[in-house]
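In what follows, a structure is listed as structure tokens, so that the remarks can point back to it.
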Amino acid sequence: MFLTVVCLFLLKFVSATLALDARAEEFLTSGDHTSNWAVLVDTSRFWFNYRHVANVLSIYRSVKRLGIPDSQIILMIADDMACNPRNPHPAAVYNNANQQIDVYGDDVEVDYRGYEVTVENFIRVLTGRVPTSTPRSKKLLTDAGSNVLIYLTGHGGDGFLKFQDSEEITNVDLADAIQQMWEKQRYHEMLFIVDTCQAASLYQKFYSPNVLAIGSSLVGEDSLSHHVDPAIGVYIIDRYTYYALEFLERVTLTSNQTLGQFLKVCPKYLCLSTVGYRSDLFQRNPDKVFITDFFGSQKRLEMAAEPIKLPATTPIVESESAPALPKRTLQYADPIPPLDLHSLTL
């Protein structure tokens, strides 16, 4: 009887230890990056593309609320909807017909606006090949320890995304730019999200490691808008970003939501398109990656059960052999020497 009790106790103890070790291992393998950055891009102009500006500002608001500062966000907006004369709500952009959230707010910092939003500038930001005169706020100053979130929204097709209705970036351009980032040690892990028609075609050519890519629609599918605001007269947000924002609004700095859950935020009956993703290049299981590893700037800490005693520090003793410096008496010099005036007599 005694041996049975001892065996049961040891079995329970070993099971609990293994469970704690598994939890510790899961904790330690998640969030080993050193900083978080975000590149958020709206590529569309004109009033009827209001929803694309609302899309990117919705994501901007979420990552900023979760701790990524403006100094680590590159925000590119191709048109200024807040100041558009057609806007019935000046200096505001809403992503809901109930006007619950002004995603423009009073502290938005746009780094590239209007005609600055080009394919060339976007690729230069990613690869770090910007002119030396570029201000710090327009540079992506990442390193090998940075987790980078890239979010794109606009009009796209099979293998391309339009910029300003005048040029396109292809899936090959994107793949090569991300590979340059990897070779130059400009990211640790990357989450790439694109909300556009045939979005999955934009990550088909990716070949760089540690990249998880999400597209709002598969090849051959359209990515649709969510609803119209009668006061504004246009669609004000796309379906995928609407449900992604709905998920992110429930996330806090200490939340345990994962990327695996984020991949399921918009099933086909809601999005009316099939959300695609590519995880073969990503080294970790998305179900074990915290959503705040990319959308926030929060390092998770484990509290020690007992105080940690640090070794006593030895005081620094100045060497007696060092020669003492002689003391000098300093005096101010007269800044303007006196002038010798001579009288001239005839």
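The values are calculated or read from the model by the stated rules, or taken from the named source; none is laboratory data. Computed from a prediction, not measured in an experiment: that's the story for all the values here. No Cβ is skipped: glycine too gets one built from the backbone with ideal geometry, and neighbour counts run over all protein chains shown.
In the set (1) surrounded by fewer than 16 Cβ atoms within 10 Å (Cβ to Cβ); (2) within 24 Å of K64 (Cβ to Cβ); (3) in contact (Cβ under 8 Å) with a residue 24 or more places away in the chain, the condition left unmet by C266 is number (1). Of the strands (runs of 3 or more DSSP E) lying entirely inside the range 184-289, those containing at least 3 residues that are not hydrophobic (A, V, I, L, M, F, W, C) span 225-229, 276-278. Would a scan of the range 188-196 turn up a residue that is surrounded by 17 or more Cβ atoms within 10 Å (Cβ to Cβ), modelled with pLDDT under 95 and farther than 16 Å from N36 by Cα? No; the residues of the range 188-196 include none that is surrounded by 17 or more Cβ atoms within 10 Å (Cβ to Cβ), modelled with pLDDT under 95 and farther than 16 Å from N36 by Cα.
What are the residues in the range 71-110 that are of a type in the set (S, T, Y) and assigned to a loop (DSSP other than H, G, I, E, B), if any? Steps first, please.
From the range 71-110, those of a type in the set (S, T, Y) are 71, 94, 104; that's our starting set.
Correct list: Y104 only.
Of the strands (runs of 3 or more DSSP E) lying entirely inside the range 119-174, not one contains at least 1 residues that are within 16 Å of the chain's Cα centre (by Cα) and without any contact (Cβ under 8 Å) to a residue 12 or more places away in the chain. Within the span defined as the range 43-57, one or more residues are touching a helix residue (DSSP H, G or I) at 6+ places or on another chain (Cβ under 7 Å) and farther than 20 Å from S166 by Cα.
Selection of the range 105-130 for residues being surrounded by 16 or more Cβ atoms within 10 Å (Cβ to Cβ) and hydrophobic (A, V, I, L, M, F, W, C) yields V108, V110, V117, V119, F122, I123, V125, L126.
Let's see how each residue does on (1) more than 16 Å from Y240 (Cα to Cα); (2) surrounded by 24 or more Cβ atoms within 10 Å (Cβ to Cβ); (3) at pLDDT 95 or above; (4) out of contact with any Ser or Thr (no Cβ under 8 Å at 6 or more places or on another chain):
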{"position": "W182", "(1), (2), (3), (4)": "yes, no, yes, no"}
{"position": "A199", "(1), (2), (3), (4)": "no, yes, yes, no"}
{"position": "Y207", "(1), (2), (3), (4)": "yes, no, yes, yes"}
{"position": "N210", "(1), (2), (3), (4)": "yes, no, yes, yes"}
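Consider the range 32-55 and keep the residues that are under 27 Å from Q185 (Cβ atoms), touching a strand residue (DSSP E or B) at 6+ places or on another chain (Cβ under 6 Å) and not polar (S, T, N, Q). The one that is modelled with the lowest pLDDT is H33. With respect to R23, determine if the residue is charged (D, E, K, R), over 23 Å from the mean Cα position of the chain (by Cα), in a helix (DSSP H, G or I) and at pLDDT below 95. Considered against the rule, which asks whether it is charged (D, E, K, R), over 23 Å from the mean Cα position of the chain (by Cα), in a helix (DSSP H, G or I) and at pLDDT below 95, R23 comes out as yes. Take the conditions (1) surrounded by 14 or more Cβ atoms within 10 Å (Cβ to Cβ); (2) over 27 Å from Y243 (Cα atoms); (3) of a type outside the set (S, T, Y); D102 misses just one of them, which is (2). Would it be correct to say that I68 is out of contact with any strand residue (DSSP E or B) (no Cβ under 6 Å at 6 or more places or on another chain), β-branched (V, I, T) and either surrounded by fewer than 17 Cβ atoms within 10 Å (Cβ to Cβ) or not in a helix (DSSP H, G or I) (or both)? The answer is no for I68. Checked against the criterion of being within 19 Å of the chain's Cα centre (by Cα), among the aromatic types (F, W, Y) and closer than 25 Å to F48 by Cβ, the range 227-236 has no qualifying residue.
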